[in-house]
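Peer 1: Structure in structure tokens, see below.
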């Protein structure tokens, strides 16, 4: 069925439904109209559902749309009665579906079957074609869109409360489409005489719409009627002066001057938006979201850190929208200390209005989108002006870019952060190919882009350096990123020419207290909780929230606060010597590590592993920052965590640096031995010294994991005394079971150990005891399955791989080759993901 709302409400069907695929796809109703009976309310209900065809319309919205501010008693029942009547008069095969979310008119292909939706789709596609430089295609699409109109939109249901607003919106879109179509016709060499005639009616209805009158002038000039075209300009100029106190816009004046000089009136007008010099990369999803927000809300703000590409995205979306779009650049306006009138004057200049006092008059009844760029340094003045203009000018929409929100009721925000990793790589490769022809990528580009936080400006600055540097030099030089990326576009605003200038601009807008907190936040790596920020930086929640609002700090979904690495590096340069934050950071994370250590041997094991995972980068930073004594304490507390999470390779380098600073003593012999293990040493002078410390010790071990880690990594040491805590006792039973030659005795020891670990709620020890018991059981598979599940819950990849191979051997001995192969394949994949040697690799290693 074909549904028409652009004129009187009509439902029709193709003359030949079987051959009508082409007609239906084109939105053409070739068959006889199907009457829609049931009264005005039923027709209004159908029209309202059609506007969201294929989607669900909430009950509240339907009630408001049908009954307005004075709904009848029992509105839900009244609406349900109207829906029932509509169902009875709908054509066969169609229905209105109900769900808790509301009502939905089931339409096979909404865009093809509903003329309003098809009109909107065609106008969007036509605008995109025009922006892409294909005016012929644009003209055809827009001509098809305008051909769908048969009269005023919603003509016979305008008494319904929803209809007036929707009709006004559609009428405005129709006028926008007329202008886009006329511009495309002129650009593609269409018949100007036909165009002049087509523009007569819209010009008569909108005599002060400047773009429309400019197109009329161009069409008249192209048709050889220059005198009439010049007369149109004088008519518009006089009317603007008398009714609005305004001068013609720069675009209309340019058409007038062009005609006076005898230029080709068929040429397109200078676009009102700055034209980009490069292709658009990497923000397709954000572009769709922003276009949707701009269509639905009157005020939208793109917020994000400097260099995120806010301006480019706003211009990209603005260029693809029909209708009048103007660009207001506040970058050159004086800062917050300057007079607020400068902001209003910038608006007036962009709109071609003489004097800021006439802004409201000039915008009254004028459907226009203002893209207001670089608001952060005049955010208060901009907010006041935008609020006033939106209240006074119903046709106005505003899209702003800023590093913080305007803070106006009704403002919709779209945060813009880093590019997705693959998009950042694509952007780098494209920009690099422009300066180094033939460049198609490099293995370290992804690492380089990640190090630059995926910020488009930083990525583009890095790509430009490929004229003189290699990708390896760029990636290795990120520690000095501000010097490395110190050359940019000479024509760009100064604050966008270098990476340092981008961050300095944001820094200059901070209050003194905000700068102090931002500098202190640089001690964190990988983000921090609000509690950690308060403890380490001594800041209140208000200051932290202010930095978030100003895009210096981001809040992740898990509630952690994080600086982009580029901002963190800049802030670290401004942390004064002697500031207490580094020492407070070390103390906080040393306390956290020592608090976590005993919890890793109890029921809260998983919870604390997750917490330590989140703080891994901070813990490694604390390890590097502390004194040798601090480092020994941290290694002792964190060794179980590193073991359980398989992180010893990641910490080997900082622990080796710590060993170079440590003066080994018997008093800290156990901690020294744990450092040797964490550094990955297996032989040599340091190993011998550590073994001697352990062998000569008389007190029980302070770290219960020490004996297990040393024996499994290097070998047993005689005389080690385990602690008397329940976990150490259970682990001692496992060790005794491994040394006994009696299967019965080993089974009894492991059973006792298992009971001890279960009583603690500890998973690793429980899994280890289960694995040992399986070796002495006649039914090992259930024991191995439970152990495997526990190891997997901990994320101990090495134990998971070993246990899978053990279970595969059990399956094989039982004649179950398929299960054995499945376990071995799973072990290989687990090892590959964790970066562990595969079975083949282990064999090759001997």
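The values are calculated or read from the model by the stated rules, or taken from the named source; none is laboratory data. All values derive from a computational prediction rather than experimental measurement. Heads up, the Cβs are rebuilt from the backbone with ideal geometry, glycines too, and the neighbour counts pull from every protein chain shown.
Peer 1: What are the pairs with Cβ atoms under 6 angstrom where one residue, in segment 464-489, is closer than 19 Å to residue 443 by Cα and assigned by TED's automatic domain parsing to the domain that holds residue 448 and the other, located anywhere, is in a helix (DSSP H, G or I) and modelled with pLDDT under 80? Sequence gap at least six, or different chains.
Peer 2: Between residues of segment 464-489 that are closer than 19 Å to residue 443 by Cα and assigned by TED's automatic domain parsing to the domain that holds residue 448 and residues that are in a helix (DSSP H, G or I) and modelled with pLDDT under 80, the close pairs are 477/484.
Peer 1: Filter segment 39-69 for residues that are more than 25 Å from residue 109 (Cβ to Cβ) and over 42 Å from the mean Cα position of the chain (by Cα) and give the result.
Peer 2: Narrowing segment 39-69 to residues more than 25 Å from residue 109 (Cβ to Cβ): 39-41, 59-60, 63-64, 66-69.
39, 40, 41 - these are the residues of segment 39-69 that are more than 25 Å from residue 109 (Cβ to Cβ) and over 42 Å from the mean Cα position of the chain (by Cα).
Peer 1: Moving on. Looking at 411, 426, 404 in this structure, which one is touching a residue at least 60 places away in the same chain (Cβ under 8 Å), in contact with a strand residue (DSSP E or B) (Cβ under 8 Å, 6 or more places away or on another chain) and farther than 17 Å from residue 305 by Cα?
Peer 2: Values: 426 fails: in contact with a strand residue (DSSP E or B) (Cβ under 8 Å, 6 or more places away or on another chain); 404 fails: farther than 17 Å from residue 305 by Cα.
The match here is 411.
Peer 1: Can you tell me which residue in segment 417-450 is modelled with the lowest pLDDT, limited to those that are surrounded by fewer than 21 Cβ atoms within 10 Å (Cβ to Cβ) and within 16 Å of the chain's Cα centre (by Cα)?
Peer 2: Step one: of segment 417-450, the residues surrounded by fewer than 21 Cβ atoms within 10 Å (Cβ to Cβ) are 417, 420-423, 426, 429-430, 433-444, 446-447, 450.
Now narrow it down to the ones that are within 16 Å of the chain's Cα centre (by Cα): 417, 420-423, 450.
On the way: 417: 85, 420: 88, 421: 88, 422: 91, 423: 89, 450: 88.
Restricting to residues being surrounded by fewer than 21 Cβ atoms within 10 Å (Cβ to Cβ) and within 16 Å of the chain's Cα centre (by Cα), the top hit is 417.
Peer 1: Next question. Within segment 165-197, how many residues are over 40 Å from the mean Cα position of the chain (by Cα) and surrounded by fewer than 19 Cβ atoms within 10 Å (Cβ to Cβ)?
Peer 2: Going through segment 165-197 one residue at a time, the tally reaches 5.
Peer 1: Moving on to the next point. Test residue 273 against the stated conditions and say whether it is over 24 Å from residue 434 (Cα atoms), surrounded by fewer than 21 Cβ atoms within 10 Å (Cβ to Cβ), at pLDDT below 85 and in contact with a helix residue (DSSP H, G or I) (Cβ under 7 Å, 6 or more places away or on another chain).
Peer 2: Numbers: over 24 Å from residue 434 (Cα atoms): yes; surrounded by fewer than 21 Cβ atoms within 10 Å (Cβ to Cβ): yes; at pLDDT below 85: yes; in contact with a helix residue (DSSP H, G or I) (Cβ under 7 Å, 6 or more places away or on another chain): yes.
Considered against the rule, which asks whether it is over 24 Å from residue 434 (Cα atoms), surrounded by fewer than 21 Cβ atoms within 10 Å (Cβ to Cβ), at pLDDT below 85 and in contact with a helix residue (DSSP H, G or I) (Cβ under 7 Å, 6 or more places away or on another chain), residue 273 comes out as yes.
Peer 1: Any idea which of (1) modelled with pLDDT under 95; (2) more than 30 Å from residue 307 (Cα to Cα) is the one residue 592 doesn't satisfy?
Peer 2: (1)
Peer 1: Next up: Just one of 218, 211 is in contact with a strand residue (DSSP E or B) (Cβ under 8 Å, 6 or more places away or on another chain), at negative phi, in contact (Cβ under 8 Å) with a residue 24 or more places away in the chain and crowded, with 22+ Cβ neighbours inside 10 Å; which is it?
Peer 2: Numbers: 218 fails: in contact with a strand residue (DSSP E or B) (Cβ under 8 Å, 6 or more places away or on another chain).
On inspection, the qualifying residue turns out to be 211.
A quick yes/no check of all residues on (1) at pLDDT 90 or above; (2) within 49 Å of the chain's Cα centre (by Cα):
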site	(1), (2)
725	no, yes
752	yes, no
764	yes, yes
768	yes, yes
772	yes, yes
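Peer 1: Oh, and also: So, residue 719, is that one out of contact with any helix residue (DSSP H, G or I) (no Cβ under 8 Å at 6 or more places or on another chain), at pLDDT below 85 and not in a helix (DSSP H, G or I) or not? I'd like the intermediate steps shown before the answer.
Peer 2: Numbers: out of contact with any helix residue (DSSP H, G or I) (no Cβ under 8 Å at 6 or more places or on another chain): no; at pLDDT below 85: yes; not in a helix (DSSP H, G or I): yes.
So residue 719 fails the test.
Peer 1: Right, something else. If I ask for residues that are modelled with pLDDT under 80, surrounded by 14 or more Cβ atoms within 10 Å (Cβ to Cβ) and assigned to a helix (DSSP H, G or I), which ones from segment 244-265 would you list? Spell out how you get there, then give the answer.
Peer 2: Of all residues in segment 244-265, those modelled with pLDDT under 80 come to 257-265.
Those still in the list that are surrounded by 14 or more Cβ atoms within 10 Å (Cβ to Cβ) too: 258-259, 265.
Hits for segment 244-265 are 258, 259.
Peer 1: Residue 128 passes all but one of (1) surrounded by fewer than 18 Cβ atoms within 10 Å (Cβ to Cβ); (2) assigned to a helix (DSSP H, G or I); (3) in contact with a strand residue (DSSP E or B) (Cβ under 8 Å, 6 or more places away or on another chain); which number fails?
Peer 2: Tallying (1) surrounded by fewer than 18 Cβ atoms within 10 Å (Cβ to Cβ); (2) assigned to a helix (DSSP H, G or I); (3) in contact with a strand residue (DSSP E or B) (Cβ under 8 Å, 6 or more places away or on another chain), residue 128 fails exactly one: (3).
Peer 1: Hey, could you check segment 549-567 for residues that are at pLDDT below 90 and surrounded by fewer than 20 Cβ atoms within 10 Å (Cβ to Cβ) and say which is farthest from residue 375 (Cα to Cα)?
Peer 2: Restricting to residues being at pLDDT below 90 and surrounded by fewer than 20 Cβ atoms within 10 Å (Cβ to Cβ), the top hit is 558.
Peer 1: Oh, and also: Would you confirm whether or not segment 451-463 contains a residue that is modelled with pLDDT under 80, within 30 Å of residue 537 (Cα to Cα) and assigned to a helix (DSSP H, G or I)?
Peer 2: Here is the first cut: in segment 451-463, the residues modelled with pLDDT under 80 are none.
No, there is no match, as no residue in segment 451-463 is modelled with pLDDT under 80, within 30 Å of residue 537 (Cα to Cα) and assigned to a helix (DSSP H, G or I).
Peer 1: Can you tell me how many residues in segment 294-309 are modelled with pLDDT of 90 or more and in contact with a strand residue (DSSP E or B) (Cβ under 7 Å, 6 or more places away or on another chain)?
Peer 2: Result for segment 294-309: 8.
Peer 1: Is it true that some residue in segment 280-293 is under 24 Å from residue 501 (Cα atoms), buried (at least 21 other Cβ atoms within 10 Å of the Cβ), out of contact with any helix residue (DSSP H, G or I) (no Cβ under 8 Å at 6 or more places or on another chain) and modelled with pLDDT of 80 or more?
Peer 2: Within segment 280-293, none of the residues are under 24 Å from residue 501 (Cα atoms), buried (at least 21 other Cβ atoms within 10 Å of the Cβ), out of contact with any helix residue (DSSP H, G or I) (no Cβ under 8 Å at 6 or more places or on another chain) and modelled with pLDDT of 80 or more.
Peer 1: Taking the condition of being touching a helix residue (DSSP H, G or I) at 6+ places or on another chain (Cβ under 6 Å) and assigned to a helix (DSSP H, G or I), how many residues in segment 107-125 meet it? I'd like the intermediate steps shown before the answer.
Peer 2: So the first thing to find is which residues in segment 107-125 are touching a helix residue (DSSP H, G or I) at 6+ places or on another chain (Cβ under 6 Å), and the list is 107, 110-112, 114, 117-119, 121-123, 125.
From what is left, the residues that are assigned to a helix (DSSP H, G or I) are 110-112, 117-119, 121-123, 125.
Residues in segment 107-125 being touching a helix residue (DSSP H, G or I) at 6+ places or on another chain (Cβ under 6 Å) and assigned to a helix (DSSP H, G or I): 10 in total.
Peer 1: For segment 671-684, check the following and say yes or no: at least one residue is touching a helix residue (DSSP H, G or I) at 6+ places or on another chain (Cβ under 6 Å), modelled with pLDDT of 90 or more, outside the structural domain of residue 792 (by TED's automatic domain parsing) and loosely packed, with under 14 Cβ neighbours inside 10 Å.
Peer 2: Checked segment 671-684: no residue is touching a helix residue (DSSP H, G or I) at 6+ places or on another chain (Cβ under 6 Å), modelled with pLDDT of 90 or more, outside the structural domain of residue 792 (by TED's automatic domain parsing) and loosely packed, with under 14 Cβ neighbours inside 10 Å.
Peer 1: Looking for whichever is without any contact (Cβ under 8 Å) to a residue 24 or more places away in the chain and crowded, with 20+ Cβ neighbours inside 10 Å here; the options are 749, 722. Which one fits?
Peer 2: Details: 722 fails: crowded, with 20+ Cβ neighbours inside 10 Å.
Only one candidate qualifies: 749.
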